[in-house]
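Any read-out appearing in this document is the output of simple, stated calculations on the displayed coordinates, not a laboratory observation. As the structure is a prediction and not an experimental result, all values here were calculated from the model. Glycine gets a Cβ as well: all are built from the backbone with ideal geometry, and neighbour counts include every protein chain shown.
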Amino acid sequence: MNILLYVLKRIAYILPVFFLLTIMVFAMVHLLPGDPADILLSGEGGAGDPVVREALMKELGLDKPLPVQYFVWLKRALGEISEKSVYSEEDVLKLFMQRFPATLLLAFAAMIVSLVVAIPAGIISAVKRNKLPDYISMLFALFGVSLPNFGSGFS
């Protein structure tokens, strides 16, 4: 019974975190420089045409207040994964499924490399506690944690 209660509490904690996370992502998208309609029209012939721009703004719902835009965005993000990509006009789900095996392979390979390095380093640190090998492995671990993903190439 305690486990069920614990799981239900954890699920209940997920909802406000998810809500705040979606608000943060939505806000970050709107804080990016440039207008989405101008960016989308820059590759097409109607970049300077205000009528085309207004039609696109209306189509995307960018002419509505921000709270309405948020709920439309959230509905589209949760419900319509089979939309067309804005950039390539291909099905998003198809593009995702094409790239998912390579992403999974990369994540699995990174996990294997991490385990191959971390397990021996942990054993050496435990056996040689407070000696030079322990300090070297702690320094290596601190360096690995402190270095940003784009700096190390690992994710």
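Below is a table of values for the structure above.
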quantity: Eligible lysines near Lys84 by straight Cα distance, threshold 25 Å, same-chain separation 8 or greater; calculated: Lys58, Lys64, Lys75, Lys94
quantity: Alpha-carbon spread of the stretch 1-142, three principal axes, descending order, Å; calculated: 72, 45, 29
quantity: Sites Leu93 and Thr22, calculated FRET efficiency, Cβ-Cβ separation with R0 30 Å, nearest 0.05; calculated: 0.90
quantity: Other-chain or far-sequence residues with amide H under 5 Å of Asp91's (modelled H); calculated: Ser85
quantity: Efficiency of FRET from Cβ geometry, Met138 and Tyr70, R₀ 30 Å, rounded to 0.05; calculated: 0.10
quantity: Chain lengthening between Ala126 and Phe100 when straightened (0.36 nm per residue, less Cα-Cα); calculated: 5.6 nm
quantity: Segment Ser146-Asp38, length gained on full extension (0.36 nm per residue, minus Cα span); calculated: 35.1 nm
quantity: Axial C-alpha extent at least 20 Å, average Kyte-Doolittle at least -0.5 - helices from the chain (DSSP); calculated: 2-31, 92-127, 132-146
